[in-house]
Structures are given as structure tokens and as C-alpha cells.
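Following: one structure in C-alpha cells, then a few remarks.
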Amino acid sequence: MKKALLLTTTAFLSLSAFGQTQIGNSDLEQWEAAPAGQEPVNWNSFMTASGSFSGFADVQIEQSSNVRPGSAGTVSARIWSRDAGFGVVANGNMTLGKINMGNITPSNPSNHNKTITGDPEFSEAITDMPDSLVFWVNFNPIDDTEMARVKATLHDDFDYLDPEDATSSTHVVAIAELNYDTTGGWERMSIPFDYSGPATTVEYILVTFTTNMSPGGGDPNDEVFIDDIELIYNPNSIEESQLANVNAFLNNETSEINFTFDDGVSGEYAVYDTSGKLINSGAMSAKVPFDAPQGIYIVNVRIGTSLKQFKVYNK
């Protein structure tokens, strides 16, 4: 359940480092009563969902004492998937907006998260323009080939949907999104915002964490722990600065993935198909052989504990 709470800096903090807005309760330390359980203050789950199938909602979020290394807090948020019956897996879902449960088929467009601009319980106002989204995650899937997902959208004054429809896409200012796995235990993720528009005025942010990259994907009891979410306004580490200069593209003529990066940077890459299956991985270099069927592939680049993701097309 959500409160209209945006954290601003206090006088003793350095304005150069902390001057812009952060998401309310971004450390997930505050929790409050919700139907049948609890939700983090300023965040929402299935317990406060709407839609014709909301009566089938169940608890899929709780506070956990499993916190990231070095945390000053005592709790994180645990979300998990469950068997919803009829052969349907209900992904765990934590969002700043409102969940709508409109259809038994997970991929149906009537199942979405939505910013409700007229209701501070289900919207998050912001006028700043962050460079990246950072958070800590501990992902434990039943099948270790599965990938969890996070998406943060900066948009203008509109009731934006995630997954977005054609109308919502015209109101996007910037997106930070990542389908990810982890190597086990807690990891810090850093995802840059892509300010490709087409909108230009930031007024709201919608952030969603789910247990799988695909609606209805994964297995019952997949779980994701989330802790210490932060909006970064200036690169605050060497890793994030290095990632900003990393790019990847697929050369279909030579059947190679080409990486560009600064001298002295070392990292690893992993290529997945759209089902989440690992296709290729190894140390990042200027040219990497890539022989796979036609289709869309996801390239993850890891430098230290930070990730950057690219989508490539094999024609």
C-alpha cells in the first residue's frame, strides 16, 4: 500500500551528490498493513490490485530479514511466484503503480501495472532526470536458466501502462529496464536510463520488479529479494562510468558480436534468447563469434557488479 512520500535531502547532506529526488521508502524499511498481509510503504502488490480477476489475488510479498551485504537496514522485500491454478504461474510483482488483473492469460494486455496520476496511492511524482537506477537483488529461481525483470519508466502526465500499449508509448521520456539472472547471493544492479522519448517532460516514474521476464514465465516459488533502490543523478563509481561507454552490436555479415569499450576495461558477457536460454558467454572482447538461428537476442555485459543490457537482431 502506498503513501505519497518522496524523499528529499536534508540540510547536512551534500547537494552535489544527493540534491535530487529519491523514490519514497527506497530502502524498503517501512511496511504497513494491506489486505491479508503487508506491503512496503509507497509500493504495491497483488493485495491492492484491481480488475475482474482481482478476487483471485493472493499474498506474494513479505518483508524479509535477508538483507544485502553492508546494509544499514534490517529488512528487504521478498516477492515470489505461485501456482494460480489452471496451469497458470502468477509472477511475483512489486510496483509503484496499481496492478490490474483483467484476464486469466498472463500475457493478456488487461494484465498490467499502471500509474494512476489522480491517486497518490498509485503514482509517484518526480520532475528530476536521473541517469540510472541502482538496486540490490537476490534472485533464486527454481530453474537457473530463468531471468527476473525490472523496468523503470519516466513519463509525462499520463496514466502510463506497463507493459505499455501504443498510446502509453507516446508518453515515455526515458526507460531503464533489464532482464537479469544472478550468480548466486546478493548482487548490485546498475541500469542506465535511455532518454529516447518521444516525450520530454518528466512528471512521474513507474517502477516494477517481477520474478520473471515473461508474463506467466518461470515456476511457482521462484523468489526475488529487493533492497536499497536508488536513483543516480551523476555517475558515482568507476564501474558505472565505464558501462556508459560500453556498446554491443551484431554484425550479421561476419556472424560476430562486436563490443566497443574503453581501454583497460574488462568484463564478461552473456547472450540469451527471448525464452531466457543461455546461448553464449565469456570474457568481453572486441569481436566474439556468434552462430545462432535468426531471431532476437539479449546481450548482458557485466563489469564488476554492474550490468548493462543490449537487444540484437540476428537476420
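Residues of region 18-47 being in contact with a strand residue (DSSP E or B) (Cβ under 8 Å, 6 or more places away or on another chain) and in contact (Cβ under 8 Å) with a residue 60 or more places away in the chain, which ones? Result: Gln20, Thr21, Gln22, Ile23, Gly24, Ser26, Asp27, Leu28, Asn44.
Note on region 253-268: residues that are open to solvent by 60 Å² or more (accessible area, probe 1.4 Å) and either within 15 Å of Thr183 (Cα to Cα) or of a type in the set (Asp, Glu) (or both) total 4. Filtering Leu28, Leu7 for residues that are among the hydrophobic types (A, V, I, L, M, F, W, C) and modelled with pLDDT of 95 or more leaves a single hit, Leu28. Restricting attention to region 269-315, the residues being in a strand (DSSP E or B), touching a residue at least 24 places away in the same chain (Cβ under 8 Å) and either closer than 29 Å to Gly216 by Cα or open to solvent by less than 60 Å² (accessible area, probe 1.4 Å) (or both) number 22. Residue under question is Asp157, and the condition is that it be under 23 Å from Lys277 (Cα atoms) and part of a loop (DSSP other than H, G, I, E, B); does it hold? Here the answer is no, as Asp157 does not meet what is asked.
Residue-wise test of (1) modelled with pLDDT of 90 or more; (2) touching a strand residue (DSSP E or B) at 6+ places or on another chain (Cβ under 7 Å); (3) hydrophobic (A, V, I, L, M, F, W, C).
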site	(1), (2), (3)
Pro215	yes, no, no
Asn221	yes, yes, no
Val224	yes, yes, yes
Glu230	yes, yes, no
Pro235	no, no, no
Ile238	no, no, yes
Ala244	no, yes, yes
Asn247	no, yes, no
Thr254	yes, no, no
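Going residue by residue through region 171-194, is there one that turns out to be basic (Lys, Arg) and touching a Ser or Thr at 6+ places or on another chain (Cβ under 8 Å)? The answer is yes; a qualifying residue exists. Scanning region 129-174 for residues that are over 23 Å from Asn300 (Cβ atoms) and either hydrophobic (A, V, I, L, M, F, W, C) or touching a strand residue (DSSP E or B) at 6+ places or on another chain (Cβ under 9 Å) (or both) yields a total of 14. When residues in region 83-103 are screened for being surrounded by 15 or more Cβ atoms within 10 Å (Cβ to Cβ) and in a loop (DSSP other than H, G, I, E, B), 6 of them pass. Scanning region 36-82 for residues that are more than 27 Å from Trp186 (Cβ to Cβ) and either open to solvent by less than 70 Å² (accessible area, probe 1.4 Å) or in a strand (DSSP E or B) (or both) yields Thr48, Ala49, Ser50, Gly51, Phe53, Ser54, Ala57. Counting only residues that are farther than 20 Å from Gly24 by Cα and crowded, with 22+ Cβ neighbours inside 10 Å, how many does region 125-160 have? Of the residues in region 125-160, 5 are farther than 20 Å from Gly24 by Cα and crowded, with 22+ Cβ neighbours inside 10 Å.
Within region 104-150, track down each residue that is in a loop (DSSP other than H, G, I, E, B), touching a helix residue (DSSP H, G or I) at 6+ places or on another chain (Cβ under 9 Å) and not aliphatic (A, V, I, L, M). Passing the criteria: Thr115, Asp131.
The residues of region 163-213 that are open to solvent by 20 Å² or more (accessible area, probe 1.4 Å) and in a strand (DSSP E or B), listed by number, are Ile175, Glu177, Arg188, Pro192, Asp194, Tyr204, Thr210.
The values are calculated or read from the model by the stated rules, or taken from the named source; none is laboratory data. Just so we're clear, the structure is a prediction, and the values are computed from it rather than from any experiment. Backbone-built Cβ (ideal geometry, glycine too); neighbour counts: all protein chains shown. Only protein heavy atoms, including side chains, enter the accessible area calculation; ligands, DNA and RNA are left aside. Shrake-Rupley method; radii C 1.70, N 1.55, O 1.52, S 1.80 Å.
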